[in-house]
Amino acid sequence: MTDRIISIASQKGGVGKSTTALNLGFSLSSMGYSVLLLDGDPQGGLSLGTNIRDKQMKGFLDIISGQAQPQECIVKARNGKLSSCSSGKYSLQSVRKFDSTRGQVQAGEIVKKMSEGYDYTLLDCPAGIGPVVRALVSISDSVLVPLNMRNTSVRSLPVFLEFLKDIKGRKKNPGLEGILVTMLDYASRTELEIFKSVKEQFNPKWLFSTVIKHDYLYEDISINAIPAGMSSKAVKASRNYFELALELREREIVSKSGENEDEEVQGLF
């Protein structure tokens, strides 16, 4: 069991955070890993992209406000390996709890408790650098940052990276899992130019090799509240996220190998 908590977060909205959480989670679960999707966005982007509220209305915000217990909010998907917890009912009381240090600690304890028994817990964070994002990112092992090829998204990314650096300096977590280029339109000369500048501007180690291509089918299948991998017409689109899942696992294996690189290998058995 890898037992990792990964926040999917960005300073900008509309970059594919919820789409990435859903499709990466489904891909990892299809590979045999147990995955918990947790919608930490009070606006409920991930919840809206699935039919989880048809099964259970209560969610993370209800747990935070003491109106529900974690076990009653987690719903298992059809494949048995993927589970999800919706954002729950929005209230000023629950959101304000994140504004205090005590509230952030409590939220962190709840997430850690909920993540027990899962190989991966993926947190879908709201956009920005507010207290909710800080609370969720602070208890994560790493952060995956989706980035679309829009000038405003790229130019504001350094601010978000500084935000993560500040949290890491205080908490020793999280690490940067990687920057994921999303919704890239290869037919757009402007987006390709921005993509080129991103590869020149940022450390290559920060960027995932996998690129999520623009595909209208992601929006189309969201009407059916399913990940791309469950749609026969979106098989090609889903490959990007299966590739991302494989790259994520590869990075973990390489990272663990690096921890022991100074040890002399004595044999396979």
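The values are calculated or read from the model by the stated rules, or taken from the named source; none is laboratory data. Quick caveat: nothing in here was measured; it's all calculated off a predicted structure. All Cβ positions, even for glycine, are placed from backbone atoms using ideal geometry, and neighbour counts span all protein chains on display. Surface accessibility is based on the protein's heavy atoms, side chains included, excluding ligands, DNA and RNA. Shrake-Rupley method; radii C 1.70, N 1.55, O 1.52, S 1.80 Å.
Only residues that are over 11 Å from the mean Cα position of the chain (by Cα) and open to solvent by less than 30 Å² (accessible area, probe 1.4 Å) were counted across the stretch 100-129, and they come to 9. Select from the stretch 19-44 the residues that are open to solvent by 30 Å² or more (accessible area, probe 1.4 Å) and in a helix (DSSP H, G or I) and write down the one among them that is nearest to L246 (Cα to Cα). Applying the filter and picking the extreme gives S30.
Conditions (1) touching a Gly at 6+ places or on another chain (Cβ under 7 Å); (2) within 28 Å of K76 (Cβ to Cβ), marked per residue:
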| site | (1), (2) |
| --- | --- |
| R189 | no, no |
| V198 | no, no |
| F208 | yes, no |
| I212 | yes, yes |
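For (1) acidic (D, E); (2) open to solvent by 10 Å² or more (accessible area, probe 1.4 Å); (3) touching a strand residue (DSSP E or B) at 6+ places or on another chain (Cβ under 7 Å), each residue gets a yes or a no:
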site: N79; (1), (2), (3): no, yes, no
site: S84; (1), (2), (3): no, yes, yes
site: V133; (1), (2), (3): no, no, no
site: R150; (1), (2), (3): no, yes, no
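Considering the stretch 8-18, the residues that are buried (at least 24 other Cβ atoms within 10 Å of the Cβ) and not aliphatic (A, V, I, L, M) include one that is farthest from L48 (Cα to Cα), namely S10.
Here K205 fulfils each of the conditions (1) of a type in the set (K, R); (2) more than 30 Å from D3 (Cα to Cα); (3) without any contact (Cβ under 8 Å) to a residue 24 or more places away in the chain apart from (2).
How many residues are over 16 Å from R4 (Cβ atoms), open to solvent by less than 90 Å² (accessible area, probe 1.4 Å) and out of contact with any Leu (no Cβ under 7 Å at 6 or more places or on another chain) if we restrict to the stretch 231-255?
First, pick out the residues of the stretch 231-255 that are over 16 Å from R4 (Cβ atoms): 231-243.
Pick out the ones that are also open to solvent by less than 90 Å² (accessible area, probe 1.4 Å) and you get 231, 234-235, 237-238, 240-242.
Now drop any that are not out of contact with any Leu (no Cβ under 7 Å at 6 or more places or on another chain), which leaves 231, 235, 238, 240, 242.
The qualifying residues number 5.
Does Q71 meet the test of being in contact with a Gly (Cβ under 9 Å, 6 or more places away or on another chain) and free of Cβ contacts under 8 Å to residues at least 24 places away in the same chain?
Working: in contact with a Gly (Cβ under 9 Å, 6 or more places away or on another chain): no; free of Cβ contacts under 8 Å to residues at least 24 places away in the same chain: yes.
No; evaluated as a whole, the condition is false for this residue.
Given the structure, is T182 within 20 Å of K17 (Cα to Cα), open to solvent by less than 30 Å² (accessible area, probe 1.4 Å) and touching an Asp or Glu at 6+ places or on another chain (Cβ under 9 Å)? Don't jump to the end; show me each part of the working.
Values: within 20 Å of K17 (Cα to Cα): yes; open to solvent by less than 30 Å² (accessible area, probe 1.4 Å): yes; touching an Asp or Glu at 6+ places or on another chain (Cβ under 9 Å): no.
So T182 does not fit the description; no.
Any residue in the stretch 159-178 that is of a type outside the set (G, A, S), crowded, with 17+ Cβ neighbours inside 10 Å, over 21 Å from the mean Cα position of the chain (by Cα) and more than 18 Å from R4 (Cβ to Cβ)? No: the stretch 159-178 contains no residue that is of a type outside the set (G, A, S), crowded, with 17+ Cβ neighbours inside 10 Å, over 21 Å from the mean Cα position of the chain (by Cα) and more than 18 Å from R4 (Cβ to Cβ). Considered as a group, the residues in the stretch 48-77 that are modelled with pLDDT of 85 or more and either among the acidic types (D, E) or within 18 Å of I223 (Cα to Cα) (or both) include one that is most open to solvent (accessible area, probe 1.4 Å), and that residue is E72. Of all residues in the stretch 88-119, those satisfying the criterion of being modelled with pLDDT of 90 or more and either touching a strand residue (DSSP E or B) at 6+ places or on another chain (Cβ under 7 Å) or closer than 18 Å to Q43 by Cα (or both) are V111, M114, S115, Y118, D119. Considered as a group, the residues in the stretch 203-219 that are assigned to a helix (DSSP H, G or I) and under 19 Å from the mean Cα position of the chain (by Cα) include one that is nearest to L180 (Cα to Cα), and that residue is W206.
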